Each structure stands twice: as C-alpha cells, then as structure tokens.
Amino acid sequence: MRVHRSHRRGFTLVELLVVIGIIAVLIGILLPALGKARQSAQSVACQSNLRTIGQGLVLNGNMNGGSLPWGDLVDPNYGYTLNSDTANWIVRVASALRPGGKGENFMTSVSSKGIFRCPTAIVDRDSGDQVINHYSGHPRLMPRYDKDTTKPNGIAFDPITKKPAVPYRLAKIRNGAEIALAFDAPQYFAANGMPEGNSHPTANGVDNWRANSLYSWGNGELTPCTPVNFWDNNYDQEVEKMVNKDCNGYNGPEQQNIRFRHGRNDTANVLFCDGHVGAFHIKTNQKRADGTFPTDFKRKYFAVNWP
C-alpha cells in the first residue's frame, strides 16, 4: 500500500523578491499621501487656532468698548508677563477666553497657550512653555504701545495721521471680510531677549517698519492715501516682496512679516476681521533675482481705513 505524503512548497527567491517589490511600491505610493494628509491636518488645526483667536479678540472687545487690544507692549518681557490694558494681544485673548485670568503671569499661568502654537511651526523642546506664540497681528489695527512723555496721554502719535496710535474699534473697520487681522508669522531664533521660537506679536515688517521710525513715511499697502503721496495704491498687487524665512537674531527682511510655512513651505493661514480664515500661497517656483517670491496675498487685504 502506497502512502501519499504532502510536501509543502516554500516561496522561491523570485517570489519573495516580487512580494518585497510590491510592498516597496505600495509604500512609495502611500507615504506621499500620508504626508499630504498630515500637512492638511496641521493646516486645519492652525486655521482652528486662528478662528478661536478671532473669538477671543471679539470677547476682549466686548469687555473693552469694542476695541481691539494693543499689539505689543514694549517692555523687557515683550508684554507676556503683564496682563494690563497695554499687554500684548496674545495675553488679552488668553484672558478673554479664560474669565478671571486677568492679572496672572502668562508665562506660568494655566491659561490656554495651545491656540497660539501653530502645529507646523518649529518648537524647541528645551524651552517648555516659553514658546507660546507663532502668530502676528496687523500693525495698524493692533499697534505697538509706545510711551511718549511729551504727549498729554503718554501715547506716541502716528507720524502720518498726527493722532495717537491706538488700537482700532472693530466696528470702525471697513470691509472687515477683506482685512487681515492675524496670521502665521516668522519665528525668532538666537534673538537675545526673545523666547526661543517665538513670533513677534505685531507685523511691523509689512508696515515698512513705520512703528519703529520717527519719519513721516508709510506704506500704501496698509492704508489708503491720496494720489499725490509717493507710494501707490494698487490694491491688486502683492503685499510686498516676501522672503519666507524664520529669523536668525534681529536681522533681515524676514522679521515681523508673514510666514508661509504650511503645505510645501508655501502656504499661510490668515484670520480676517469678520472671523473667517483663508489660506494664501507664496510662489516658490518663481524666485526673483533678489531671493524673494511673489504671492497671492494682495495689498487690499492689508489696506485699512484711517481710524
């Protein structure tokens, strides 16, 4: 009687190589898709942050006669350790979203700091709660607080309007659906006195540094002016020549600007005065000879009416 024995046949080397090849192809297909999904999720989280920030600014306005807060308090701690009427807008938003938080030290408080952290931004793991802000605000709507002891109210005058440079009231902003209020901003690294990885709370760079100047010049990208002035009002032109980098110290044109850090390092999220959030792009495939890039973020998104 013949006994039939079953023989198990193993994979041949060729078959194993084929399977490995198929797996490698699938990984090659899936990894870019997973990367894009991750980038998209980060951008959505950033947009959610900005919407919440917008709600905080409205709440703060409701408690302060409809006014926006100061953009930046010029003090050794950049306004983060004081929650006074002149503290920067980040502290004011955090307090508005956490009733009863007024007067606390923002660096060590339990107020939510997460909404000021862009998930695409670089976070220094050694700095702990020191990295708390990756967004910047419109420098005219929420100006820097400058003391001027020569003025009756102690507030510096705007060199063009000849009026006190104070925050706008939300109700006075025209075309709020087209005016940027806050947005992704460059981070500072190796900047003496600035917490590592922080962004500056006001985007003075897009205002041609007018807030830091004693001269009566401005930038038509931000405020309408008459044709006789030396800057133009072509609102369909891009805001300015962007370099799209983070800051190494306090040098370079990348300071206090917009940062297109999402997607392929080419997208920025922007909160508008009516509360909606939009995404804009820098055209990284059109680099100019001076190292800057064109964008689809237009002057009209910054051109705010006189207060």
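The values are calculated or read from the model by the stated rules, or taken from the named source; none is laboratory data. Note that this is a predicted model, so its numbers are computed, not measured. Heads up, the Cβs are rebuilt from the backbone with ideal geometry, glycines too, and the neighbour counts pull from every protein chain shown.
The table for this structure:
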read-out: Residue ID - modelled with the lowest pLDDT, chosen from residues in segment 149-183 that are β-branched (Val, Ile, Thr) and either over 30 Å from residue 46 (Cα atoms) or outside any loop (DSSP other than H, G, I, E, B) (or both); value: 149
read-out: Pair list, Cβ under 7 Å, 6 or more apart: segment 45-56 residue among the β-branched types (Val, Ile, Thr), other residue in a helix (DSSP H, G or I); value: 52/115; 53/93; 53/115
read-out: All positions within segment 56-88 that are modelled with pLDDT of 85 or more and touching a Phe, Trp or Tyr at 6+ places or on another chain (Cβ under 6 Å); value: 68, 69, 70, 71
read-out: Qualifying positions in segment 279-304 - among the small types (Gly, Ala, Ser) and in a strand (DSSP E or B); value: 279
read-out: Residue list for segment 248-261, restricted to those being buried (at least 24 other Cβ atoms within 10 Å of the Cβ) and not charged (D, E, K, R); value: 256, 257, 258, 260
read-out: Segment 279-303 - residue that is among the charged types (D, E, K, R) and at pLDDT 85 or above and, of those, farthest from residue 242 (Cα to Cα); value: 300
read-out: Answer residue from segment 235-278, given it is in a loop (DSSP other than H, G, I, E, B) and among the small types (Gly, Ala, Ser) and is modelled with the highest pLDDT among those; value: 275
read-out: Index of the failed condition, residue 13 passing every other in (1) at pLDDT below 80; (2) closer than 17 Å to residue 181 by Cα; value: (2)
